[in-house]
Amino acid sequence: MILDSTYHNKEHKSIIEDLIGKPYSFLESLKMRGVGSKRMIIENVSPNLQQYLNTVSDINYANIEMRPNGILIYVTKGLKNYTWIIPFYQLVIYKTNGISIHAQGKFVHFKNNKTFKENKAFMNKLYDAKVKFDEQYSFQF
């Protein structure tokens, strides 16, 4: 689900909290050594996400915030802000040349450059959180 988060909206806050949980408290985020990434350059997106990117040949940036049951991807298009809500059960991460995040029939591919390398520790936390979430529902075959 993608929301226009340019202006504060109480309905959006409740939708996000229902889908992926409340944000981590200040102490929890300190213990985790941060729950948000630095901004990363978007290299490619799926056709159904093109409308949320700058149409001019500008560089498109996004950053990621972790929540207890999912992630938020914040994308800026000019003066507008968009938030893509992804619960962990829909999240698929591919480590290609950079990183590719897939969910809900959409994807975002982040460029492998200096800004991406600065987020390596955050990405490892994200992988661990996804694995921990998936382990709750492991089945014996």
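Okay, here's what the table says:
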{"quantity": "Subset of the stretch 38-61 [in a strand (DSSP E or B) and under 16 Å from L79 (Cβ atoms)]", "calculated": "Y61"}
{"quantity": "Scan of the stretch 96-136 for residues that are without any contact (Cβ under 8 Å) to a residue 12 or more places away in the chain and more than 20 Å from T83 (Cβ to Cβ), ordered by number", "calculated": "K114, K117, K120, N124, D128, V131, K132, E135, Q136"}
{"quantity": "Residue check, Y89 assigned to a helix (DSSP H, G or I) and either aromatic (F, W, Y) or farther than 20 Å from S29 by Cβ (or both)", "calculated": "yes"}
{"quantity": "Selection status of F122, farther than 21 Å from G21 by Cβ and not in a strand (DSSP E or B)", "calculated": "no"}
{"quantity": "The stretch 32-88 - residue that is surrounded by 14 or more Cβ atoms within 10 Å (Cβ to Cβ) and of a type in the set (D, E) and, of those, modelled with the lowest pLDDT", "calculated": "E43"}
{"quantity": "Count of the stretch 95-113 residues which are in a strand (DSSP E or B) and either surrounded by fewer than 16 Cβ atoms within 10 Å (Cβ to Cβ) or among the hydroxyl-bearing types (S, T, Y) (or both)", "calculated": "1"}
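The values are calculated or read from the model by the stated rules, or taken from the named source; none is laboratory data. Since the structure is predicted, the reported quantities are computational estimates derived from the model, not experimental observations. Neighbour counts are summed over all protein chains in view; Cβ atoms, including those assigned to glycine, are modelled from backbone coordinates with ideal geometry.
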